[in-house]
Amino acid sequence: MTAFGLLAVALTVLVVRLVGEAAMGDIPADLVWTFLGLSTIGQLPMVLVLGGFAGVLLTIQRLARDSEWVVWRASGMARWRFYDPLMAFALPLAAGVLWLTLWVSPWAERQKAELEASAAARDETQSVAPGVFRESGDGRRVFFVTPGKDGTQQVFARLQREGRTTVVLAADAELFQREGAQWVRLRDGRRYDEGDAPLAFRVERFAWQELRLRASSSEVPKFKMKAAPLAQLLLAPGRVERAELARRLGLPLAAVLLVLMALPLGEAGPRTSKGYALVLAVLIFVAYTNFISVSYGWIARGRLGFWEGLALPHAMALLAWIGLMRWRSRRG
C-alpha cells in the first residue's frame, strides 16, 4: 500500500508536468497519456525502493507500538532472526528493481525519444480535417478548413507574430517542401493584419501567398544515456557508460540495504515517539540516493573507477547499518 501511495503522488506530479509541457507545445496533446505511461515506468524503480523501505519501517514500528516486538524479544527470539523474513521480502524486491533498471526503464526511455522525434517531425497541418480547429505545437498558428457545397474548401489561418495577430482567409491551400522547410501556398484570399490601435486591422487581397511553417525536423531520435541498452553499456569502454551502469546497479543494492536499516530504525519501545525515527529514515534515504548520484558523476568525470564508485555509497550504507545495529544492541 505504501508503494501505491507513493506511485499516486508520482503520477500526480507527472500529470501536472506533462500537461504543462503540452500547453507550452513541447509535446503533442494527443500523446500526453502515452508519455505518462512511459514516464511512470521510469519512476517505478525509485518508487519501489522507497516503498519497500517505508513499508518495512512502518511495519516494525507498528510491532513496537503494539508491544508485539517486546513479546517476541522476551520469548528469546534474537534480533538477527527477524532478518529471515525481511530478506525474503528484500531479495525479490531488489530483483524486480534490477529488471526495471536494466531493461524496462531504458526501453521506456527509447520509446519516449522515438515519440518525441516523430512528433517533432510531424507537421501540424497533416492532421487538419474539415470542421476541426488544429493548433500548432508552439500555439502560434491555428488552421481551420470549412468544406464548401461545390467541393471547395475555405481555409482559415490565425498567425501570431511578434505579439500581433494576423488572420488569413483563403479559398484553397497547398502544402509543399522547399529548402528543407514546410510551406503552405494559399490562393484567392484576404489577409487581416493587426495594427497599432485597438481593433485596427489592415486588409489585403491576394491571388496567392506562401507561408513558411517551419524547418523540417529529423525523424532520427536522440537517445540519452538513460535509454542505452544493457549490451551497449557492457561493451562500450567509455566512462559515461560505466557510470550509467553503476547507477542502474545502485538502486537494487540500495533496496536491500535500506530494508536492513529499517529494522534498527523502526525498533523502539511502545511509549517512544516514532517521529524521530521517521525523520532519520527520510534523511538516510535522501542522503543515500543523492550519494549514489554523486558517485555516478564521479565515475563519469574519471575521479573514481567503476568498482570504487559502485561500492562507495553502499559501503557507507553498510557501515551505517552496522552502527545502527550496535546502537540498538546497547539500548537492549
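Every read-out reported here was derived from the displayed coordinates using simple, explicitly stated rules and does not represent laboratory data. If you're wondering where the values come from, they're calculated on a predicted model, not measured in any experiment. We place every Cβ from the backbone using ideal geometry, glycine too, and count neighbours over all the protein chains shown.
Annotations
- Nitroxide proxy distance, nm - points 7 Å out along Cα→Cβ at Val71 and Ile41: 4.6 nm
- Neighbour net charge for Arg248 - beta-carbon separation under 12 angstrom, K R +1, D E -1: 0
- Amide H to amide H, with H built 1.01 Å from N, Ile27 comes under 5 Å of Ala22, counting only residues 5 or more places away or on other chains.
- The phi torsions of the stretch 248-265, fed into the Karplus equation with coefficients 6.51, -1.76 and 1.60 and a -60° offset, translate into couplings of 5, 7, x, 5, x, 5, 5, 4, 5, 5, 5, 5, 4, 6, 5, 5, x, 6 Hz, rounded to whole numbers, with Gly and Pro shown as x.
- For Leu304, the amide hydrogen comes within under 5 Å of the amide hydrogens of Ile299, counting only partners 5 or more places away or on other chains and with H modelled in the peptide plane.
- Ranked packing of 154-160, 69-75, 276-282, most packed first, by mean Cβ within 10 Å: 154-160, 276-282, 69-75
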